[in-house]
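The values are calculated or read from the model by the stated rules, or taken from the named source; none is laboratory data. Predicted, not measured: the structure shown is a model, and the values here were computed from it. Cβ sites come from the backbone with ideal geometry, for glycine too, and all protein chains shown count toward neighbours. Surface accessibility is based on the protein's heavy atoms, side chains included, excluding ligands, DNA and RNA. Shrake-Rupley method; radii C 1.70, N 1.55, O 1.52, S 1.80 Å.
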Amino acid sequence: MAPQRRAMNDATVVVTGASRGIGRAVARAIAAAGGHAVVCARDGDALDAVADDIAAAGGQVTAMRADVRDEFDVERLVERAARAGGKIDGAVANAAVYHGDAGETPLPEESYAAFDDHLRTNARGVFATIREAVPHLAADARVVVPTGAVARRGTSGYGSYAVSKAAAEAVARGFAADLDATVGAIDPGQVATDLSGGGGRDPDDVAEMVLWALTDAPEPTLDGAVLDWTDYRDATR
C-alpha cells in the first residue's frame, strides 16, 4: 500500500526522462496526486504515449520532446512549464543513459564516447535542468535528482556511469548551497528498469519516494543530501 502523502494541488513539476522507467512512473504519480506534470524525453513517440495515458486518466500533463544535453531544449521546456503554471514548484532531473549492460562496463575498458555521453547526459543534463529552471522556481520549490549507490561506492563494472552519477550528486549539492530552493538527491536502490538491467524495485514504488521528496520530506533533511530507501521508509511508517 502506498504511504499517505500530501496532494500536489495543481503544483507544476518538470520531469525529464519521462518516457520510461522512473520518469514515466513519477509523471503519472504527480498527475494522479493532482499536480501538473510537464514532461520531456528524447523519444517523442514514447513520450506522447505517456502523456496520452495521463490525460486519459484525467491528469494534467504537458509533453515536449527535449534532449537534456541541449541547454536550449531545456530552456524551452522550463519556459513552457512556467507559462503553464505561472511558476515551477518542483523538478525531477531524472534523464539518464547507460551505454552498455549494467555492471559490465569496467572503467579501464570504457570508450571515450561513452564516458563523454554519460557525463553530458547524466551530469551536465542535471546541471542544465536546474540552471534553466532557476529563474522560474517558486520560493518553496524542490528539485530532486535520482541517483544510486554506485555514485559513492567503488563498485566494479559501472565505469563512467558511476562517475556521472557522482558528478550529478555534486551538482545537486552545489545548487543546494547556492539557492534558496531545496535541492537534494534520492537513492532508491536498484530499480527494475531497462537502464539497470531489469531487476529491483518497481518504478511505481520509487515514484512514491520521489513524491515524498517533493512534498513531505523535511527540507533540512533533503537539502544538499542524498536520501536512501531506508530514510524514506523510516519517515513514512
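Okay, here's what the table says:
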| read-out | value |
| --- | --- |
| Spin-label zone in the range 131-147 - amide nitrogen under 17 Å from a point set 7 Å from the Cα of Glu71 along the C-beta vector | 131-136 |
| Tilt relative to the chain, helix 203-215 - C-alpha long axis, 0 to 90 degrees, to 10 | 60 degrees |
| Additional length obtainable on full extension of the chain from His99 to Asp53, 0.36 nm per residue less Cα span | 13.7 nm |
| Taking the chain and dividing mean pair separation by its residue count, relative contact order in percent (alpha carbons under 8 Å, at least six apart) | 21 percent |
| Estimated FRET transfer efficiency when R0 is 30 angstrom, pair Ser156-Asp205 (beta carbons, to 0.05) | 0.65 |
| Charged-residue dipole, Cβ positions (Lys, Arg, Asp, Glu), the chain about Cα centre, Debye nearest 20 | 300 debye |
| Magnitude of the charge dipole, the range 56-193, Cβ model with Lys/Arg +1 and Asp/Glu -1, debye to 20 | 320 debye |
| Between 0 and 90°, nearest 10: helix 44-56 axis offset from the chain longest Cα axis | 40 degrees |
| Calculated diffusion of the chain, Stokes-Einstein form, Kirkwood radius summed over Cα pairs, 4 °C and 1.567 mPa s, µm²/s | 75 µm²/s |
| Whole-number accessible area per residue in Å² for the chain, which is evaluated in the context of all protein chains at 1.4 Å | 45 Å² |
| Modelled FRET efficiency - R0 22 Å, Asp116 with Ala46, Cβ distances, 0.05 increments | 0.35 |
| Label-point separation in nm, Thr230 to Asp10, each point 7 Å along Cα→Cβ | 4.2 nm |
| Modelled FRET efficiency - R0 22 Å, Leu179 with Arg83, Cβ distances, 0.05 increments | 0.50 |
